[in-house]
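Accompanying notes for the structure given below.
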Amino acid sequence: MQKIKILTDSTADLSQDLLKKRDIDVIALHVEFDHESFDDGITITTEELYQKVEEKGKLPKTAAVSPGEFMIRFEKYLKEDYDIVYISIGSKISSTYQSAMIARDALDANRIHLIDSKNLSSGIALLVLKACDLRDKGLSASQIKEELEKIVPLVRSQFAIKTLDYLHKGGRASGTAKLIGTIIQLKPIIQVRQGLLDVYKKPVGKMSRALDVMLDDFFEEVHKDNIDLDYVMITHSLAHKSSKYMHHKVHQVVKPKQLIESYAGCVISSHCGQGTIGILYIVKNA
């Protein structure tokens, strides 16, 4: 049977334990402060990212993986006689997917299979874990790609933003909007749909209110028997209290086969800020 290597990028926010257990390789995006460049999750942690933002008073820039970096990684596995399945951060969110396409076309395009997740963070991770399941069932790389592309539009990703500081520093909220939002305790919920990020609900008040809004949407799908319960992910950026709350609420209603707590890496955290949390899952029918 042909060997298959499952590859993703650091924005999938998968733990080292899961990466090792499921034999997944990761290629890192980059975080840049002035003239210093760091590899997401390798040479800088999320905690260190927040420290640097505090010290410098500004957000870092984030940079995609280059075609050259992909070529080095792809060539490594081709030489070891692997077919490659790479699941990328959404092409409308980062140019990383385009870099992978350039590298694939320069090498053996028939053995390198690219999937545009049209998502980020654990929205990618859900696809990666499904890819591992398909690999372990003996599907070929091309069959895995075919099956994953059916699942891409079924992934549901949403995150509640605890603080507007990072949206403001990143130019996504004006000073006035930030001031008003802070006064009324606005907790915008960002949703990924068709590869784009959008604010779809704006609960006001305590963070638990925003968590309940996301959970209500999840439970609505549960009651319709429309959730793939193989994997449900609660992903956050140093929001341990909120994560515990959401885990408790989910387990009161449904028992996923795997309810996975995931931690947002530096690229994701640099855009949303500390305290951000989401629940991510796959529905059976769109």
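Principal-axis analysis of the Cα atoms of the chain puts helix 207-223 at an angle of about 50° to the longest axis.
When each of 247, 271 is scored by the number of other beta-carbon atoms lying within 10 Å, the sequence from fewest to most is 247, 271.
Each distinct pair of alpha carbons in region 3-152 adds a 1/r term; the inverse of their mean, the Kirkwood radius, is 15.8 Å. Computed over the chain, the quotient of the alpha carbon radius of gyration and 2.2 N^0.38 Å is 0.99.
Highest GNM mean-square fluctuation among 92, 255, 202, for the chain modelled with Cα contacts below 10 Å: 255. Spacing of the modelled spin labels on residue 105 and residue 286, each 7 Å from Cα toward Cβ, amounts to 2.6 nm. Within the straight-line cut-off of under 19 Å between alpha carbons, the lysines reachable from residue 61 are 52, 92, 169, sequence neighbours fewer than 8 places apart in one chain being disregarded. Couplings for region 24-40, taken from phi via the Karplus curve 6.51 cos²θ - 1.76 cosθ + 1.60 with θ = phi - 60°, read 10, 9, 10, 10, 8, 6, 10, 10, 10, 10, 6, 9, 9, 10, 10, 8, 3 Hz in order; Gly and Pro are left as x. Cβ-to-Cβ counts within 10 Å put 11, 235 in ascending order as 235, 11, the fewest first. In this structure, the pairs whose alpha-carbon distance is over 20 Å, taken from 3/76; 150/255; 58/162; 21/249; 145/224, are 150/255; 21/249; 145/224.
Between helix 96-106 and the chain there is an angle of about 10 degrees, using the helix long axis and the longest principal axis of the Cα atoms. Between the amide H of residue 118 and those of 90, 91, distances stay under 5 Å, these residues lying 5 or more places away or on another chain, with hydrogens modeled in the peptide plane. For the chain, the residue among 91, 6, 236 whose Cα projects farthest onto the positive side of the dipole built from Cβ charges is 236. Please build a GNM for the chain, connecting alpha carbons under 10 Å apart, and tell me which residue among 12, 125, 64 fluctuates the most. Among 12, 125, 64, the largest GNM mean-square fluctuation belongs to 64. The modelled label-to-label distance between residue 252 and residue 146, using points 7 Å beyond Cα along the C-beta direction, is 4.5 nm. Local charge for residue 235 was computed over the other residues whose Cβ lies under 11 Å away, with Lys and Arg +1 and Asp and Glu -1, and equals -2. Helix 46-56 and the longest principal axis of the Cα set of the chain meet at an angle near 60°. From least to most packed, judged by other beta carbons within 10 angstrom and beginning with the fewest, 15, 94 follow the order 15, 94.
Where a number appears in this text, it was derived from the coordinates with a stated rule and is not lab data. Since the structure is predicted, the reported quantities are computational estimates derived from the model, not experimental observations. FYI the Cβ positions are ideal-geometry reconstructions off the backbone, even for glycines, and counts take in every protein chain you see.
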